[in-house]
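The values are calculated or read from the model by the stated rules, or taken from the named source; none is laboratory data. Keep in mind that what you see is a predicted model, and the values were worked out from it rather than measured. Neighbour counts run over all protein chains shown; Cβ positions are idealised from the backbone, glycine included.
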């Protein structure tokens, strides 16, 4: 969203409106000075740098925003990488798969970075980043488990829905086999319960490729080696 403002301060707060009219948090407005002042909400400014933020539960609304941004960035440049920052407790399976399919179908590689936490569908999307470009910050939490369908209760009495749930779970397991390079039986066993990983454990398991060092860690490493 691009807005044009006449203000003297460098940052303003703008209340973002969720689809449906629900106001939910304050988003800073960034002003660029030139012949005229141009104001961007901070997420639009990040989008200019090809950064997509997947923050919060994976809902239909969030999916619409993320997929739209991924497609927009592909149309802008079909080769330059896109950087997706993830801080999510998971959410709707089909919405997450819509984001996943878009990540896999577009031409630019999508680098993923976990900030805070990547739980359930959030962890799945983290692992779905381009090979060699999946990272997590040092103090993040990553967790995977079997997806829970919104039809779970109905599936107890409905064989069709029960079979559908099994197919979805097998499909998610197979996708994780592809991205982690782990055998199916390992993925299946790990997904049977809530399995939490530190960033280093997630790297060893194959959910990410690298633990992103912070500036302090890099300085400590240089000092030790010198």
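Please return the ranges of strands (runs of 3 or more DSSP E) entirely within the range 75-150 where 1 or more residues are at pLDDT 95 or above and closer than 16 Å to residue 60 by Cα.
82-88
Taken together, the criteria exclude residue 131 from residues that are touching a strand residue (DSSP E or B) at 6+ places or on another chain (Cβ under 8 Å) and surrounded by fewer than 17 Cβ atoms within 10 Å (Cβ to Cβ). Selection within the range 202-216: residues that are out of contact with any strand residue (DSSP E or B) (no Cβ under 8 Å at 6 or more places or on another chain) and assigned to a helix (DSSP H, G or I). The member of this set that is modelled with the lowest pLDDT is 216.
Of the residues that make up the range 80-90, is at least one under 24 Å from residue 173 (Cβ atoms), buried (at least 18 other Cβ atoms within 10 Å of the Cβ) and touching a residue at least 60 places away in the same chain (Cβ under 8 Å)? Spell out how you get there, then give the answer.
Residues of the range 80-90 under 24 Å from residue 173 (Cβ atoms): 84, 86, 88-90.
Restricting the remaining residues to those that are buried (at least 18 other Cβ atoms within 10 Å of the Cβ) gives 84, 86, 88, 90.
If we keep only those that are touching a residue at least 60 places away in the same chain (Cβ under 8 Å) too, we end up with none.
Among the residues of the range 80-90, not one is under 24 Å from residue 173 (Cβ atoms), buried (at least 18 other Cβ atoms within 10 Å of the Cβ) and touching a residue at least 60 places away in the same chain (Cβ under 8 Å), which makes the answer no.
Among the residues of the range 109-144, those that are more than 28 Å from residue 192 (Cβ to Cβ) and without any contact (Cβ under 8 Å) to a residue 40 or more places away in the chain comprise 109, 111.
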